[in-house]
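Notes to accompany the following structure.
The values are calculated or read from the model by the stated rules, or taken from the named source; none is laboratory data. Everything numeric in this text was worked out from a predicted model, so none of it was measured. Don't worry about glycine lacking a Cβ; one is built from the backbone with ideal geometry, like all the others, and counts go over all protein chains shown. Side chains are part of the model used for accessible areas, which takes the heavy atoms of the whole protein and leaves out ligands, DNA and RNA. Shrake-Rupley method; radii C 1.70, N 1.55, O 1.52, S 1.80 Å.
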Amino acid sequence: MIGWIDISTPLRAGMTVWPGDEPPQIALAQSFASGDPYNLTRLAMSAHTGTHLDAPRHFLPGGTGIDAMPPEAMIGPARVVRVEGGAVRAADVPDDLVPGARILFRTRNSERELFAGTFFEDYVFLAREAAEKLARAGALLAGIDALSVSGFHEDPAETHRVLLGAGVWILEGLCLRGVEPGEYELLCLPLRIEGADGAPARALIRPLRRPGAS
């Protein structure tokens, strides 16, 4: 049995967040050290902290919330695609995608410490032309190793609306360092927060075949 690879980032206080968001606050409200009968952790953070899913409501007025996400969007075969350039372009999107495809883009972002406290404005993002190709192909999921599919100096609504408007769920903040391109099984479920525009998620993948197998 090939083991699972965790491609999500641990939530921790002080981690990098989108500029303007508050860093997560994680503290013990009750603790053994304080003489309490149990430990109790209290969290305060944006729904778009760390590895997370974007729901249509994030950028589409009247869009559905994260609690309406179909489980099949995040469970099943997924393809990891390596991108070398400064943005994911249409040419980087495979031509043989079938409806319901799940695509995870590994870029040079994965070679950086994206959540160590420094926000990099020059991260690799998903260009509109790539989003349009994914939408035309009927993809179900697009994931990337950045805090946003949109570029920091781009219109944030543009790429999001193309994808979310076509029914493509968005998975952001992946950690794909050391993950080779290829076919994997994906298991990823966000917190089911009623009506929310997004939610943190735990994302796992494992190869559908052993490396080197034909």
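Rolling a 1.4 Å probe over the protein chains gives SER46 an accessible area of about 30 Å². For the chain, the longest principal axis of the C-alpha atoms and the axis of helix 156-165 are separated by about 70°. The distance between label points at GLU132 and GLU22 comes to 4.0 nm (points 7 Å beyond Cα on the Cα→Cβ vector). Relative contact order of the stretch 50-199: 39 percent, from C-alpha pairs under 8 Å at least 6 residues apart in sequence.
Give the residues of the stretch 118-145 whose amide nitrogen is closer than 16 Å to a point set 7 Å from the Cα of ASP95 in the direction of its Cβ. Under 16 Å, as judged by backbone N against the label point of ASP95, lie 133-134, 137 of the stretch 118-145.
Each eigenvalue of the Cα gyration tensor of the stretch 112-165, multiplied by 5 and square-rooted, gives one semi-axis; in descending order these are 23, 12, 8 Å.
For PHE105, the shell of other residues with beta-carbons less than 12 Å away shows a net charge of +2, using +1 for Lys and Arg and -1 for Asp and Glu. Reported value for the stretch 49-171: 102 Å³ per residue, from the convex hull of its C-alpha atoms. The angle between the Cα long axis of helix 128-137 and the main principal axis of the chain comes to about 70°, on a 0 to 90 degree scale.
For the stretch 122-207, what Kirkwood radius comes out of the mean inverse Cα-Cα distance, in Å? Each step should come with its number before you reach the end.
Details: mean 1/r = 0.0720 Å⁻¹.
In the stretch 122-207 this quantity evaluates to 13.9 Å.
Counting only other residues whose beta carbon sits under 14 Å from that of ALA203, what net charge do I get with K and R as +1, D and E as -1? Display every interim value, and only then the final one.
Values: positive: ARG102, ARG106, ARG177, ARG202, ARG206; negative: ASP6, ASP54, ASP145, GLU172, GLU185.
Combined, the nearby Lys, Arg, Asp and Glu give 0.
Comparing ALA55, GLY138, PRO24 along the charge dipole axis of the stretch 1-144, the residue lying farthest to the positive side is GLY138, per the Cβ-charge model. Computed from the Kirkwood radius of its Cα pairs, the Stokes-Einstein diffusion coefficient for the chain at 10 °C and 1.306 mPa s stands at 90 µm²/s. Overall, the stretch 1-83 carries a charge dipole of about 200 debye about its Cα centre when +1 sits on the Cβ of Lys and Arg and -1 on the Cβ of Asp and Glu, all other atoms neutral. In a simple Cβ point-charge model (Lys, Arg +1; Asp, Glu -1; nothing else charged), the stretch 67-214 has a dipole of about 540 debye relative to its Cα centre.
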